[in-house]
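Quick note: the coordinates plus some simple rules give every number you see, no bench work behind them. This one's a predicted model, so the numbers in the text were calculated from it and none came from an experiment. Every residue, glycine as well, gets a Cβ built from its backbone with ideal geometry; the counts of neighbours run over all protein chains shown.
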Amino acid sequence: MATRNLAAKFVEVAGVHGTREALVDGPVRITHQDALRRAAVVAARLLTRGVAPGDRVAILLPNCWQYAIGYCGAQLAGAIVVLVNTRLAEPELEHILTDSGATVIVTNGTLAARVPTAFADRIVTTDVLLAEAGTGEEVDPGTLPGHARTLDDTAHLLYTSGTTGRPKGAMHTHANLLFNAGTVQERLGAAVGERTLIAAPMFHATGTVSQFLGFFTAGACCVFTPAFKAETAVELVTSERITFFAGVAAMLRLILLKAEDTASDLSALRLFVMGGSAVPEAFPAEVSRRLPGLELGNVWGLTEATSIVTYTQGEEYLSHTATVGKPVAGVEVAISVEGGRPRDVRDTVGELCVRGPVVVGGYWNNPDATASTFVDGWLHTGDVGSVDADGFVRVLDRLKDMIIRGGENIYSLEVETVLAAHPDVAEVAVVGVPDPIFDERVCAVVVARPGHTPTVESLRAHAAASLADYKVPAEIRFASELPRNPSGKVLKRRLIEGSAPTEGAR
């Protein structure tokens with residue numbers, strides 16, 4: 001019989017793997033049994049605060065053990081968790097908290113200061129919510145209302161920017177998350193004895209959906225680090241005997257360089273899964289030379305498809321490095337040519353469409369965007385690609401004007417809208433340009449208003465007031481005009497190649 005929801009899964013895992021280590025964060029070490037006990041107390045405290053099944057509980061925290069326990073506690077209470085990006089500017093935070101209708105915001109003392117004042121009365125800090133349970137506060141997790149949630153109910157909201165520039169909350173159901181966890185266990189090897197280092201932000205699908213839920217529900221151990229730093233990653237991979245890590249190729253490149261400098265032992269690491277950015281052609285050979293016992297995997301996924309859509313690993317990956325692998329079991333990938341119905345056609349370029357148990361329930365509170373993206377059971381991804389004769393998927397380009405900086409998705413239109421509001425700007429186009437570390441960086445090409453002379457500093461400051469730091473242009477060029485085709489559309493490819501009539505960066 002299939003597990004009916006995450007609450008039931010957490011109870012099941014604790015019953016089978018109770019004394020095994022589940023969460024590690026610095027000196028804090030928590031077993032599966034203790035994780036469930038703490039989460040049950042959190043659930044009870046949320047219920048006391050008036051949280052009812054289906055209410056939204058926002059989590060605004062860096063990667064930490066409190067995030068994991070808070071997430072599990074909210075699920076046991078039957079709430080819908082809102083995964084909030086800690087790097088958002090105040091206007092972005094306000095939109096997400098308003099759109100989701102979050103009744104409680106779980107955060108820490110530092111991040112609480114960034115919550116818009118209109119939501120101040122909804123804040124509960126981790127030192128209060130996750131304080132060690134006192135005598136008489138023990139809670140039977142089997143009695144909590146989260147057990148009444150169904151597979152089709154929304155378990156959490158993960159906000160992703162769209163081509164309109166307004167973040168949309170993808171509704172991940174309990175069925176979506178449990179299915180993806182099964183894929184992680186079947187394909188990525190999450191199992192008892194495995195130890196994953198979670199450096200990907202927990203407000204990303206990789207961090208929470210695939211690494212935390214995928215490994216935690218397998219009885220494995222999750223080790224947290226608040227952000228990726230090569231030195232810290234090498235220390236943890238070595239000391240915690242990490243077996244699995246996920247990130248962009250640049251992360252592994254930096255880890256290998258730091259490990260070489262420090263003569264660190266990375267031999268426990270068996271698999272590194274890459275996604276979210278292009279993989280340099282020579283990279284697999286470099287990894288094989290430096291760490292021959294390490295296998296590489298490549299994944300393609302997106303928030304609207306829960307996390308994983310296609311996957312390839314090891315020798316299969318090495319023989320198909322230009323692809324992102326085949327669809328995982330139970331998932332279909334088809335091609336929509338010129339907006340037509342998705343079809344199983346081979347070696348034909350078009351929009352990649354996805355169908356199966358990974359496709360989420362739509363966008364929260366946004367029926368128009370849901371109707372245009374999820375059509376007749378198919379998710380229209382906005383990515384251009386093809387499927388070859390053997391079923392391997394190639395992702396060739398993006399219909400959505402998106403930049404991927406170190407695994408972070410940045411939509412050009414969102415940045416353009418902010419910069420265009422600067423009083424000295426007449427026109428602006430934003431593109432991703434190659435970066436040796438992050439694969440792409442944000443570049444804005446600005447046409448100034450006649451008689452005005454905007455500076456790089458003033459434009460960055462203007463952008464930083466409304467955008468997360470990673471969206472603020474790293475490079476700003478000035479041009480007399482933007483290159484356009486006969487129909488008036490800006491030729492962004494020419495901007496990326498640097499062939500626009502630029503006047504340089506000031």
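Mean shadow of the range 402-504, computed from the convex hull of its alpha carbons, in nm²?
Quarter of the Cα hull surface area: 6.3 nm².
Modelling each spin label as a point 7 Å along the Cα-to-Cβ direction, I'd like the residue 424/residue 484 distance in nm, to one decimal.
Taking the two extended label points, one gets 2.4 nm.
May I have the pair-distance distribution P(r) for the chain, computed from all Cα-Cα distances with 10 Å bins from 0 and rounded to whole percent?
The distribution over the chain is 4, 19, 29, 28, 16, 5, 1, 0, given as percents.
Could you work out how far apart the two model spin labels at residue 113 and residue 231 are, taking each label as a point 7 Å from the Cα in the direction of the beta carbon, and quote it in nm?
Result for the modelled spin labels: 2.4 nm.
Each residue of the range 37-43 in order: what ³J(HN,Hα) in whole Hz does its phi give by Karplus 6.51 cos²θ - 1.76 cosθ + 1.60, θ = phi - 60°, with x for Gly and Pro?
Values, residue by residue: 4, 5, 5, 5, 5, 4, 4 Hz.
Per residue of the range 260-271, what does 6.51 cos²θ - 1.76 cosθ + 1.60 with θ = phi - 60° give for ³J(HN,Hα)? Whole Hz please, x for Gly and Pro, Karplus curve as stated.
5, 5, 9, 6, 7, 9, 9, 5, 6, 6, 9, 8
Pairs of lysine in the chain with Cα under 29 Å and at least 8 positions apart or on different chains: total?
Taking the chain as the scope, the lysine pair count is 16.
Roughly how many nanometres apart are two label points built 7 Å out from the Cα toward the Cβ at residue 137 and residue 268?
3.2 nm
So who's got an amide H within less than 5 Å of the one on residue 309, skipping anything under 5 residues away but keeping other chains? H placed 1.01 Å off N, in plane.
Excluding prolines and chain starts, which carry no amide H, the hits are 300, 301, 302.
According to the Cα gyration tensor, what semi-axes, each the square root of 5 times an eigenvalue, does the equivalent ellipsoid of the range 292-371 have, listed from largest to smallest in whole Å?
27, 17, 9
Out of all DSSP beta bridges in the chain, what portion is antiparallel? Express it as a percent rounded to 5.
Rounded to the nearest five, the antiparallel share is 60 percent.
Can you list the residues, at least 5 places off or on another chain, whose amide H is less than 5 Å from the amide H of residue 425, using H built in the peptide plane?
449
Any idea what the relative contact order of the range 232-336 is, in percent, if you count C-alpha pairs under 8 Å spaced at least 6 apart?
The value is 20 percent.
Between residue 390 and residue 474, what is 0.36 nm times their sequence separation minus the Cα-Cα distance? Round to one decimal in nm.
Computed gain between residue 390 and residue 474 is 26.2 nm.
Per residue of the range 281-292, in order, report the coupling 6.51 cos²θ - 1.76 cosθ + 1.60 (Karplus, θ = phi - 60°) as ³J(HN,Hα) in whole Hz, putting x for Gly and Pro.
4, 8, 5, x, 5, 5, 5, 4, 5, 7, 9, x
Could you let me know the centre-to-centre spacing of the range 347-414 and the range 56-128, using Cα atoms, in angstrom?
The two parts, judged by their Cα centres, are 28 Å apart.
Name the long-range amide H neighbours of residue 81: under 5 Å, sequence gap of 5 or more, or other chain; modelled H, no Pro or chain starts.
So residue 81 has HN proximity to 57, 156, 157.
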